[in-house]
1. Inspect all residues belonging to region A:249-260 and state whether any of them is at pLDDT below 95 and either among the hydrophobic types (A, V, I, L, M, F, W, C) or exposed (fewer than 13 other Cβ atoms within 10 Å of the Cβ) (or both).
2. Taking A:T184 as the residue in question, decide whether it is surrounded by fewer than 18 Cβ atoms within 10 Å (Cβ to Cβ), closer than 15 Å to A:Q249 by Cβ and within 14 Å of DNA strand B (Cβ to nearest atom).
3. A:P128 passes all but one of (1) within 16 Å of DNA strand C (Cβ to nearest atom); (2) surrounded by 15 or more Cβ atoms within 10 Å (Cβ to Cβ); (3) in the same structural domain as A:D8 (by TED's automatic domain parsing); (4) not polar (S, T, N, Q); which number fails?
4. Quick one: which residue in A:R102, A:R89 is out of contact with any Gly (no Cβ under 6 Å at 6 or more places or on another chain), touching a residue at least 12 places away in the same chain (Cβ under 8 Å) and closer than 16 Å to A:E10 by Cβ?
5. Filter region A:131-143 for residues that are away from DNA strand B (no atom under 16 Å from the Cβ) and not small (G, A, S); which is surrounded by the fewest Cβ atoms within 10 Å (Cβ to Cβ)?
6. Output the qualifying pairs, or none if there are none: Cβ atoms under 9 angstrom, residues six or more apart or on different chains, first residue in region A:181-198 and within 14 Å of A:L149 (Cα to Cα) and modelled with pLDDT of 95 or more, second residue surrounded by fewer than 14 Cβ atoms within 10 Å (Cβ to Cβ) and of a type in the set (G, A, S).
7. Quick one: count up the residues across region A:30-47 that are among the basic types (K, R) and without any contact (Cβ under 8 Å) to a residue 40 or more places away in the chain.
8. Which residue out of A:R27, A:R89, A:R38, A:R23 is under 29 Å from A:F133 (Cβ atoms) and away from DNA strand B (no atom under 16 Å from the Cβ)?
Amino acid sequence: MTEASFLDVELRRPDLRRRFPRRFRQRLVGQTVLELTRRAKYLLATLSSRETLLIHLGMSGSFSVDTPTAAQGASAPAQRDPHDHVVFRMSSGAVIAYNDPRRFGLMDLLRPHDAATHPVLSRLGPEPLSPSFDGAALANACRGKTTSLKGALLDQRVVAGLGNIYVVEALHRAGLSPRRRASTIATPSGVPRDSAHRVAAAIKQVLREAIARQERPQAYRSSRFHVYDREGQPCRRAHCDGVVTRLAQGGRSTFYCPVCQR
DNA sequence: ACACGGACCTGAAGGC
DNA sequence: TGCCTTCAGGTCCGTG
């Protein structure tokens, strides 16, 4: 199948979290996508013009792909969901809609070679599933940090791409309290403690499982989360008789087991 | 420099 | 029934 190019781009409002970049439509029409990659929670589409389309889904963003039939095309245009904010019409006939009720998403266009220096990308820490992310790297990044361990893991400069749910799940898996100071996973000179290796490994595990669950949802129907959104319910760690507790950290909910997470 | 809290936004859920 | 409040999430910005 040949590559599709952008035939048209319809902006149905002037902004999401921020305004769309200048000449957004003009810079996309006629381009094909050479490569589609990801960095942290950002999608990066390299265009034939060598510009990069940068997309963040925020919390509620999603794409849908529709391939209208000729019969549909001949009738009146489909009623659009009011939260379809961007509609891409492709040369293949596919209609790709970006839907985002809360509009925390983001789209930007980066000039060639600007991806590495773009403000939001340049500050990101390592990819958690990359070999370079391990207990030693994490301990080094947490050195001297007075903030909570949970706060540090949510900091995209420490490790990129973790959100509230997976941080909470990883800390439970690692048996570490979200309330302890981030610096406690390293010695004062930066040597990783056992806890640093445990939390790094736990992060990789919860992410790999989440990806597998996405690929084979039927295999995991009953599992879901071990602590997230389980306040008052029993801890799921084998042989632990704790009860999941909820607390607020930085205005966000933390769920953890005070018995097995230290 | 770092740490923290509030703002942004909508829909769902709970209270009265 | 319906109105009002609260909460959720990721990032950014202002303040201390």
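The values are calculated or read from the model by the stated rules, or taken from the named source; none is laboratory data. Note that the coordinates shown come from a computational prediction; the quantities given were computed from them, not determined experimentally. Glycine gets a Cβ as well: all are built from the backbone with ideal geometry, and neighbour counts include every protein chain shown.
1. The answer is yes, given that some residue of region A:249-260 is at pLDDT below 95 and either among the hydrophobic types (A, V, I, L, M, F, W, C) or exposed (fewer than 13 other Cβ atoms within 10 Å of the Cβ) (or both).
2. Against the criterion (surrounded by fewer than 18 Cβ atoms within 10 Å (Cβ to Cβ), closer than 15 Å to A:Q249 by Cβ and within 14 Å of DNA strand B (Cβ to nearest atom)), A:T184 does not qualify.
3. (3)
4. A:R89
5. A:P131
6. Listed by first residue and then by second, the contacts come to A:A182/A:G144; A:S183/A:G144; A:A186/A:G144.
7. The total comes to 1.
8. A:R38
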